[in-house]
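Have a look at the structure below, then the notes.
Please treat every number below as a calculation from the coordinates, not as lab data. Note that the structure is a prediction, hence the values are computed from the model and not measured. Note that we place each Cβ from the backbone using ideal geometry, even for glycine, and neighbour counts take in every protein chain shown.
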Amino acid sequence: MEKDLIAVLEELSKKTNKTYSGRKKEKFEKSITAIINEYNTLEIPEAMDEIYESLKNKGRELMKESNIKQEKKVEYYLRYCGAATYDFKGNLQPLNTILKSFLLTCMLFFVLAPQYFSFVMPILFAIPIYMGLKGMKKRVLNGLYMGMAVVPMAILVAVVWIRNAVLTLTTGTFDTFVAQLAQSYGFSIEFTQNLAIACIGLSVVMLASSIVLLRSAIKYRKMFI
């Protein structure tokens with residue numbers, strides 16, 4: 001059964017070679033060859049027959065003269081074929097890793113950013129974070145890109161927290177820093193000290209989760225359509 005889709009992909013490769021030239025032709029040829037090699041080693045579970053048939057039908061539809069000339073449609077179909085391999089292999093754990101690390105990073109970002117960057121920064125990222133999470137759950141590539149916009153800022157916030165913690169500890173001004181915070185927020189010295197230590201620890205966690213998210217998103221971006 002797998003060979004049916006491979007035949008469709010081989011025919012698609014011939015069509016794109018005739019329709020496109022230069023870099024576009026090379027890009028499509030390289031992508032289709034990689035997908036064919038992937039499917040050559042795949043066993044399609046019976047439970048996934050519907051998805052497999054959908055890939056074949058969409059491929060045949062794409063080869064119509066009016067569709068094959070639309071570059072975005074070709075790119076979307078190839079991403080769809082690539083992403084489907086994760087379903088056929090039952091390998092969706094990377095998606096869970098991305099979602100969990102994204103949620104952890106965002107929650108810590110909302111908690112830690114206001115201290116040094118005011119409450120405005122988290123508010124500015126509220127919509128991209130929401131849209132990104134929504135898109136990631138549906139495995140939409142644009143959703144992944146939108147959600148990843150928070151990563152550089154999360155890393156920045158984490159680095160600022162860690163840097164200031166190191167500076168105050170090495171210069172012996174940590175107690176002064178805690179006293180200033182306690183006075184600003186009206187908390188007791190003991191509570192503020194515990195809170196500051198907790199925030200420093202959380203900043204390390206946020207840095208780690210941001211790196212895991214970035215690495216996973218780059219490595220498994222092909223599972224998004």
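Can you show me the helix-derived [θ] at 222 nm for the chain, built from DSSP H runs with n ≥ 4 at -39,500 (n - 2.57) apiece and divided by the number of residues, rounded to the nearest 500. Don't skip to the end; give the middle numbers.
Numbers: 12 runs with 187 residues, N = 225.
Taking each H run of at least 4 residues, the total per residue is -27500 deg cm²/dmol.
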Worksheet item: Which loop-located trypsin sites (Lys or Arg not before Pro) does the range 93-193 contain, where loop means any DSSP state but H, G, I, E or B and the Cβ has at most 11 other Cβ atoms within 10 Å?
Response: K138
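With only alpha-carbon atoms in the gyration tensor, what are the semi-axes of the equivalent ellipsoid for the chain, in Å, largest first? Walk me through the numbers before you get to the answer.
Numbers: eigenvalues 489, 55, 39 Å².
So the equivalent ellipsoid measures 49, 17, 14 Å along its semi-axes.
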Fill in: Longest to shortest principal axis, alpha-carbon extents of the range 1-92, angstrom
37, 21, 21
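Which pairs break 23 Å Cα to Cα here: K25/K64; K18/K89; K15/K137; K30/K222; K30/K137; K14/K137? Don't skip to the answer; put the middle values down first.
Details: K25/K64 17 Å; K18/K89 33 Å; K15/K137 33 Å; K30/K222 15 Å; K30/K137 28 Å; K14/K137 34 Å.
Checking Cα-Cα distances, K18/K89; K15/K137; K30/K137; K14/K137 exceed 23 Å.
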Discussion item. I need the GluC sites (Glu not before Pro) found in the range 1-60, filtered to DSSP loop residues with at most 14 other beta carbons within 10 Å of theirs.
Written reply: E43
Worksheet item: Relative to the first principal axis of the alpha-carbon coordinates of the chain, what is the inclination of helix 174-185, with its axis defined by its Cα atoms, in degrees from 0 to 90 and to the nearest 10?
Response: 90
Worksheet item: Any idea how far apart V205 and N17 come out in nm if each label point goes 7 Å out from Cα toward Cβ?
Response: 5.5
Worksheet item: K138: which aspartates and glutamates have alpha carbons under 19 Å from its alpha carbon, excluding same-chain residues fewer than 8 sequence positions away?
Response: E50, E75, D87
